[in-house]
Amino acid sequence: MPTTSALPAGPPTSRWTDVGFATAARGISICGDFLAATALTLALQSAGAGGLAVSALLLAATLPLVVLAPLTGRLADRVDSRTLLVGAGLAQAAVCLGLAYAGHPVLIVALVALLASGLALTQPVLAALLPAMVRTEDLPRASAFNQTAATIGMLGGPALAGLLVGQFGTRVPLLVDAASYLALVLAGLVIRTRRGGARSATTAAPGDERPVVRAWRLRSDPLLVAMVGTMATVVGALGALGVVEVFYLRETLDASATLFGVVTAAWPFGILPGAWLLARLAPRFADDAALLWGGLVLLAVCCLMVLVGAVVPTALLVVPCWLLGGIANGGDSVLNNLLLTRRVPEAARGRAFAVFGGATQGAAMVGYLIGGLALEATGPRPLVAACGVAGLLVVAAFVVPAARAVRSDRQSRSAPDGAAGAGWATPTPVR
């Protein structure tokens with residue numbers, strides 16, 4: 001029996017205006033996140049702070065997304081989405097305004113943690129809203145739009161920070177970042193689609209009647225456990241690249257600052273065509289197991305490209321490796337989102353995406369730690385190669401559990417349970 005789920009019909013017509021507001025707000029806020037992170041890192045370095053302060057900053061920006069995931073996921077499901085977006089957007093703008101005038105590293109780190117706490121809330125809210133805006137057949141396209149906006153934000157934030165910091169110092173980019181969070185407030189006010197609170201998911205859009213299932217748990221779905229486990233572990237295996245890459249490119253391959261920027265931009269640039277390509281192909285994956293296997297193959301491609309990038313003689317040759325890795329990464333995100341769409345009850349969207357985001361963010365933190373420690377013991381090139389090999393071994397190790405999950409799912413799902421519907425998450429870079 002095919003492992004397909006009863007996918008809800010979705011709203012009768014897609015609300016693309018709502019999708020546009022939601023994705024624009026997400027892209028602008030992500031741009032602001034990366035703008036603030038880059039500006040604050042430069043500020044700490046200029047103030048003479050050491051590596052410990054920078055590490056604390058990165059930890060503060062990531063840890064709340066992991067620790068708060070159970071709480072923020074439930075809030076996203078139980079509190080009105082408009083209230084959450086408006087409230088969190090205003091709070092983040094206020095915190096960022098404080099950051100613009102903060103001087104002590106401890107205060108900066110504390111405010112960054114508060115800023116990340118807001119992100120831990122708005123991320124699952126927006127992820128859960130998107131599928132309520134569009135028909136089922138339009139979900140892959142909505143995912144591609146979301147990934148495009150998020151990737152543009154990830155690329156534009158650091159570049160804008162470098163320009164503004166160089167011209168005006170740290171305060172101006174942080175004030176710009178504070179203004180960027182007002183996009184979330186505006187989106188919360190103008191988006192017609194709403195969910196959470198007294199409003200059940202069944203009324204998210206006219207004619208969209210879906211069962212409310214609040215007892216959902218990730219561990220009860222073997223296919224999702226396999227998907228999340230594989231993704232998080234691969235992110236952990238490749239996460240060390242975030243620390244090692246600059247030393248590999250600049251010192252081992254003698255890349256210029258300009259070429260370094262080109263190489264590091266290649267992976268997120270690849271996410272865009274990968275997302276749109278799989279958005280066109282994803283509807284052909286009628287079987288849930290096919291989505292799981294397709295994701296495993298694409299993750300293997302990501303890891304293989306990292307391994308190839310570790311043996312090239314020049315930095316320029318790393319560009320096509322990273323570009324292909326990004327293409328596979330973007331495609332994998334689409335397949336993951338579609339699998340979640342088919343299997344997660346609508347009423348549990350916020351929790352599902354909070355758990356997924358928390359797992360991958362936590363794995364990335366482990367990768368950063370491993371990369372920093374390993375760099376003290378060996379050179380950058382062996383570490384890049386080790387990341388690629390470790391990722392491939394992870395994918396290979398999950399083949400048997402994935403096959404077991406497919407068999408278990410086919411045995412347990414003798415009839416559709418009617419509980420489906422999910423959201424579209426921000427693309428999860430595996431490196």
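The values are calculated or read from the model by the stated rules, or taken from the named source; none is laboratory data. All figures in this text were calculated on a predicted structure; none of them were measured in a lab. Cβ coordinates were reconstructed from backbone atoms using ideal geometry, including for glycine residues, and neighbour counts include every protein chain displayed. For accessibility, only protein heavy atoms count, side chains too; no ligands or nucleic acids. Shrake-Rupley method; radii C 1.70, N 1.55, O 1.52, S 1.80 Å.
Going by what's in this entry, would Gly325 be described as in a helix (DSSP H, G or I), in contact with an Asp or Glu (Cβ under 8 Å, 6 or more places away or on another chain), farther than 17 Å from Pro382 by Cα and modelled with pLDDT of 90 or more? Walk me through it before giving the result.
Working: in a helix (DSSP H, G or I): yes; in contact with an Asp or Glu (Cβ under 8 Å, 6 or more places away or on another chain): no; farther than 17 Å from Pro382 by Cα: yes; modelled with pLDDT of 90 or more: yes.
Criteria not met by Gly325.
Looking at Val125, Val86, Val109, Val66, which is the one that is without any contact (Cβ under 8 Å) to a residue 60 or more places away in the chain and hydrophobic (A, V, I, L, M, F, W, C)? Exactly one residue qualifies, and that residue is Val109. For Leu277, state whether it is under 23 Å from Met133 (Cβ atoms), aliphatic (A, V, I, L, M), touching a residue at least 12 places away in the same chain (Cβ under 8 Å) and surrounded by fewer than 20 Cβ atoms within 10 Å (Cβ to Cβ). The answer is yes for Leu277. List the number of the failed condition for Thr3; all other conditions in (1) modelled with pLDDT of 80 or more; (2) open to solvent by less than 40 Å² (accessible area, probe 1.4 Å) hold. Result: Thr3 fails condition (1) only. Answer with yes or no whether Thr378 is surrounded by 24 or more Cβ atoms within 10 Å (Cβ to Cβ) and among the hydroxyl-bearing types (Ser, Thr, Tyr). No, not satisfied. Looking only at region 25-34, decide whether some residue is closer than 18 Å to Gly188 by Cβ, open to solvent by 50 Å² or more (accessible area, probe 1.4 Å) and at pLDDT 85 or above. Within region 25-34, one or more residues are closer than 18 Å to Gly188 by Cβ, open to solvent by 50 Å² or more (accessible area, probe 1.4 Å) and at pLDDT 85 or above. The set of residues from region 147-176 being open to solvent by less than 10 Å² (accessible area, probe 1.4 Å) and not hydrophobic (A, V, I, L, M, F, W, C) comprises Gln147, Thr151, Gly153, Gly157, Pro173.
The sole residue among Ala237, Ala232, Ala265 that is under 18 Å from Ala159 (Cβ atoms), open to solvent by 10 Å² or more (accessible area, probe 1.4 Å), in a helix (DSSP H, G or I) and touching a residue at least 24 places away in the same chain (Cβ under 8 Å) is Ala265. Looking across region 167-195, the residues that are part of a helix (DSSP H, G or I) and of a type in the set (D, E, K, R) come down to Arg171, Asp177. All of (1) without any contact (Cβ under 8 Å) to a residue 60 or more places away in the chain; (2) among the small types (Gly, Ala, Ser); (3) closer than 15 Å to Pro222 by Cβ hold for Ser408 with one exception: (1). The set of residues in region 69-114 that are farther than 21 Å from Leu35 by Cα and crowded, with 19+ Cβ neighbours inside 10 Å comprises Ala69, Thr72, Gly73, Leu75, Ala76, Asp77, Ser81, Arg82, Leu84.
State yes or no: is Ala255 in contact with a Leu (Cβ under 9 Å, 6 or more places away or on another chain) and in a helix (DSSP H, G or I)? So Ala255 does not fit the description; no.
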